[in-house]
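Structure, as structure tokens:
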Amino acid sequence: QQNSEDNCFVHLKKFISTSILVAAAAREAGISFDDQMSCLAAAENYAVPVLASAQEYDDEETHMTKDDLISEMVELYNNMGVLEKKRGSLHEAMKYFRKALDINPTDGHAIVQLASISSQDDDGKIISHVKELDRGYVAGLFDGYSSRFESELVDVLKYVGHELVYKSLRDALPNATSIGTIVDLGCGTGLLGELIATDMPWVAIHGTDLSQRMVDISLERKTGSGGRAVYSTVSNLDASEFLSNFDEASVDCVVASDVFIYIGDVSDVLGECMKCLVKNGLVGFTVESYETTDADSG
């Protein structure tokens with residue numbers, strides 16, 4: 001009976017993961033929200049009774065297999081929540097994110113998503129603890145986005161954040177030839193890095209990104225003209241940890257295009273910037289929005 005229980009968990013886990021992939025493929029193909037949800041709801045309908053009936057088993061091997069299935073259930077509920085959020089059913093979306101948190105109260109994806117659509121009255125405790133996005137959530141998000149990142153970001157959304165950072169950097173550098181080292185935080189596929197490397201080929205650019213797939217892509221990126229590698233190094237570290245590896249006063253500029261929104265509280269990052277930057281060193285970054293003051297408008 002125990003082997004049968006193990007096999008049930010294994011097959012159900014595969015069914016859930018396949019359902020998530022089918023729903024994702026349906027989304028890419030433009031299939032209706034209802035059809036996408038039906039794939040996910042079918043997996044939930046099969047999984048919930050199995051998990052409920054399995055509570056009495058506590059064998060170590062079975063427990064490990066069951067933990068794998070429970071983890072897959074968290075992913076299922078997060079996908080259901082995201083789907084409801086995309087079609088504007090925020091109440092339903094919150095229900096699924098809360099189900100994910102009922103299973104794993106520390107799940108970063110569910111916490112971030114719920115905080116993004118809840119009011120303080122709804123989920124005050126959750127929101128009050130969201131000071132930064134979960135590293136695993138961010139890494140997974142951009143791992144999955146990496147293959148279509150530039151086509152959607154630049155071609156569809158007309159993103160220009162990397163150009164704005166670079167323009168600001170050049171405007172602030174009357175003597176660019178004095179620049180020797182630049183750090184590119186959240187370098188992604190290397191959009192900003194290529195602008196710098198093309199215009200300032202003497203600069204050593206060191207990038208980092210939480211997404212390993214983004215790291216792999218940026219490592220292969222070459223300048224358009226000379227075919228030279230854009231980055232001297234690219235690491236798979238968060239911003240603060242990466243900056244802490246540099247010696248004091250060893251970096252001329254730190255750039256971050258569309259990055260700080262995924263960090264939240266940037267005080268640690270800016271503190272590390274102060275340590276590694278040379279005197280009069282620069283930090284160039286984008287923010288999602290800002291409020292003007294009377295002084296700004298005047």
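Quick grid of which residues meet (1) surrounded by fewer than 18 Cβ atoms within 10 Å (Cβ to Cβ); (2) modelled with pLDDT of 90 or more; (3) more than 25 Å from Leu51 (Cα to Cα):
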| residue | (1), (2), (3) |
| --- | --- |
| Ser71 | yes, no, no |
| Met80 | no, yes, no |
| Leu83 | no, yes, no |
| Lys86 | yes, no, yes |
| His91 | yes, yes, yes |
| Asp107 | no, no, no |
| Ile127 | yes, no, yes |
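Would you say Val254 is among the hydrophobic types (A, V, I, L, M, F, W, C) and without any contact (Cβ under 8 Å) to a residue 12 or more places away in the chain?
Working: among the hydrophobic types (A, V, I, L, M, F, W, C): yes; without any contact (Cβ under 8 Å) to a residue 12 or more places away in the chain: no.
So Val254 does not fit the description; no.
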Item to check | Residue match in region 225-242 (condition: open to solvent by less than 40 Å² (accessible area, probe 1.4 Å), under 16 Å from Cys273 (Cα atoms) and touching a residue at least 40 places away in the same chain (Cβ under 8 Å)) | outcome: yes
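Conditions tested, residue by residue: (1) among the polar types (S, T, N, Q); (2) over 22 Å from Leu153 (Cβ atoms).
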position	(1), (2)
Gly190	no, no
Trp202	no, yes
Met214	no, no
Arg228	no, yes
Ser240	yes, yes
Val254	no, no
Tyr262	no, no
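Do you know which residues across region 166-203 are among the aliphatic types (A, V, I, L, M), buried (at least 24 other Cβ atoms within 10 Å of the Cβ) and closer than 17 Å to Val283 by Cβ? Walk me through how you get there before you give the answer.
Here is the first cut: in region 166-203, the residues among the aliphatic types (A, V, I, L, M) are 169, 172-173, 176, 179, 182-183, 185, 191-192, 195-197, 200, 203.
Filter again for buried (at least 24 other Cβ atoms within 10 Å of the Cβ), leaving 182-183, 185, 191-192, 196-197.
Selection gives Ile182, Val183, Leu185, Leu192, Ile196.
Can you find, within region 261-285, the residue that is surrounded by the most Cβ atoms within 10 Å (Cβ to Cβ) among those that are in contact (Cβ under 8 Å) with a residue 60 or more places away in the chain and assigned to a helix (DSSP H, G or I)?
Within region 261-285, the first condition is being in contact (Cβ under 8 Å) with a residue 60 or more places away in the chain, and the residues that meet it are 262-265, 269, 276, 282, 284-285.
Now restrict to residues that are assigned to a helix (DSSP H, G or I): 262, 269, 276.
Working: Tyr262: 19, Val269: 23, Cys276: 21.
The selected residue is Val269.
Does any residue of region 183-193 turn out to be among the β-branched types (Val, Ile, Thr), in contact with a His (Cβ under 9 Å, 6 or more places away or on another chain) and closer than 29 Å to Lys279 by Cβ?
If we filter region 183-193 for residues that are among the β-branched types (Val, Ile, Thr), which is where we start, we get 183, 189.
Cutting the leftovers down to in contact with a His (Cβ under 9 Å, 6 or more places away or on another chain) gives us 183.
Checking the rest, the ones that are also closer than 29 Å to Lys279 by Cβ come to 183.
Taking every residue of region 183-193 in turn, at least one turns out to be among the β-branched types (Val, Ile, Thr), in contact with a His (Cβ under 9 Å, 6 or more places away or on another chain) and closer than 29 Å to Lys279 by Cβ.
Among the residues of region 15-34, how many are under 14 Å from Lys86 (Cβ atoms) and loosely packed, with under 14 Cβ neighbours inside 10 Å?
Within region 15-34, the first condition is being under 14 Å from Lys86 (Cβ atoms), and the residues that meet it are 23-24, 26-28, 30-34.
If we keep only those that are loosely packed, with under 14 Cβ neighbours inside 10 Å as well, we get 28, 30, 32, 34.
The number of residues fulfilling the criteria is 4.
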Item to check | region 146-165, residues that are within 24 Å of Val266 (Cβ to Cβ), open to solvent by 30 Å² or more (accessible area, probe 1.4 Å) and without any contact (Cβ under 8 Å) to a residue 60 or more places away in the chain | outcome: Leu157, Val160, Glu163
Item to check | Residue that is closer than 29 Å to Gly108 by Cβ, in a helix (DSSP H, G or I), open to solvent by 30 Å² or more (accessible area, probe 1.4 Å) and modelled with pLDDT under 95, where the choices are Asp216, Asp258 | outcome: Asp216
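The values are calculated or read from the model by the stated rules, or taken from the named source; none is laboratory data. This one's a predicted model, so the numbers in the text were calculated from it and none came from an experiment. Every residue, glycine as well, gets a Cβ built from its backbone with ideal geometry; the counts of neighbours run over all protein chains shown. Calculation scope for accessible area: heavy atoms of the full protein, side chains included, ligands and nucleic acids excluded. Shrake-Rupley method; radii C 1.70, N 1.55, O 1.52, S 1.80 Å.
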